[in-house]
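The values are calculated or read from the model by the stated rules, or taken from the named source; none is laboratory data. Everything quoted here is computed from the prediction, not taken from an experiment. When we count neighbours, we look across all protein chains shown, and the Cβ atoms used for this are built from the backbone with ideal geometry, even at glycine. The area values use the complete protein model at the heavy-atom level, side chains included, leaving out ligands, DNA and RNA. Shrake-Rupley method; radii C 1.70, N 1.55, O 1.52, S 1.80 Å.
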Amino acid sequence: VTLPDRSRHRLTLTAADAHGNLARKTLALGDPAPALFADTAGHWAAGDIAYTVARGLFAGEAEDDGNTYFRPDRGMTRGEMAVVLTRLVGLDVEQYADYPLSFLDLDAIPAWTLPYVRAVCAAGLISGRAVEGGVVFAAGDPVTRAELMTMLEKTLPKGYPAALPAFPDMETVPDWAAPSVAVLTGLGLVGGYEDGSIRGNGTVRRSEAAKILAGLY
């Protein structure tokens, strides 16, 4: 493989059989990218953060001190994930400007997020959260690990193995998310914590999201 430059690239090989079953392997090629932000030097996810930023999935935040920060340990919100997913699959938000949304909290979705929310909802990548009286999008709420895996699994073709993993706390994974958790963990894109737990209802930090996304494509 001839790389266009020596920066970090990923090569994903996908195999399919006559029945539509899929398998894949991702190889990291090139040199690890240097830390781009004042708060990612030495961070365990610095390379993945730099890779996803180079792909345009994330951006840093400039502060008055002249530095730019990634905030790797800050939780990802559902609104932020709508933006990242839109960039990940290349949706044109202008095409979905008139897509109707019926969330009870529609007026509470920040204006900068709303075009992306319309796009990912129209594409079927994110759905709302059921509450008494209807459904909310909850743009400012942290995205859970189960929700993130469900969103990302929807971007993959069907056919990957989906054997239910044997995490000791699988009861924290909602039934609707179990198939997606099986696929993402089966592909090695998501793993358990040091204690072996999957923490399906746990929140996702920006660094964790960057790590998963860096291995996805």
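When the inverse distances between all different Cα atoms of the chain are averaged and flipped, the Kirkwood radius reads 18.6 angstrom.
Structure remark: mean-square fluctuation, Gaussian network model of the chain, C-alpha springs under 10 Å; the largest value among Val117, Val135, Val190 belongs to Val135.
Accessible surface of the chain, 1.4 Å probe: 53 percent of it comes from carbon and sulfur atoms.
Taking 25 °C and 0.890 mPa s as the conditions, I'd like the Stokes-Einstein D for segment 131-178 in µm²/s, using the Kirkwood hydrodynamic radius from alpha carbon pairs. Spell out each step's value before the answer.
Details: Rh = 13.0 Å.
The calculation lands on 189 µm²/s.
Cross-link partners of Lys158 among aspartates and glutamates, defined as those whose alpha carbon lies under 14 angstrom from its own and excluding same-chain residues fewer than eight positions apart: Asp17.
Per residue, how much accessible area does the chain show when a 1.4 Å probe rolls over the protein heavy atoms, in square angstrom? Each step should come with its number before you reach the end.
Values: 11130 Å² over 217 residues.
On a per-residue basis, 51 Å².
Per Stokes-Einstein, at 37 °C and 0.692 mPa s, what whole-number D in µm² s⁻¹ belongs to segment 1-129, with the Kirkwood radius over Cα pairs as the hydrodynamic radius?
188 µm²/s
In terms of its C-alpha gyration tensor, segment 92-169 has an oblate overall shape, because the principal axis ratio a/c (a ≥ b ≥ c, square roots of the eigenvalues) is not below 1.5 and a/b does not outweigh b/c. Close amide-amide hydrogen proximity is noted between Arg8 and Asp31, Ala33, each under 5 Å apart and 5 or more residues distant or on a separate chain (H modeled in the peptide plane; Pro and chain starts excluded). Between beta-carbons, use under 12 Å as the cut-off and find the net charge around Leu27, counting Lys and Arg +1, Asp and Glu -1. So the surrounding residues net to +4.
Estimated from helices alone, the mean residue ellipticity of the chain at 222 nm is -8000 deg cm²/dmol (sum of -39500 (n - 2.57) over DSSP H runs with n ≥ 4, per residue). Using a Gaussian network model of the chain in which every pair of alpha carbons under 10 angstrom is joined by a spring, one finds that among Gly202, Gly66, Gly30 the greatest mean-square fluctuation is at Gly66.
Hey, in the GNM for the chain with a 10 angstrom Cα cutoff, which one of Ala119, Ala139, Ala108 fluctuates hardest? Comparing Ala119, Ala139, Ala108 in a Gaussian network model of the chain, the most mobile one is Ala108.
Under a point-charge model restricted to the Cβ atoms of Lys and Arg (+1) and Asp and Glu (-1), what is the dipole moment magnitude of the chain relative to its Cα centre, in debye to the nearest 20? Here the chain has a charge dipole of around 760 debye.
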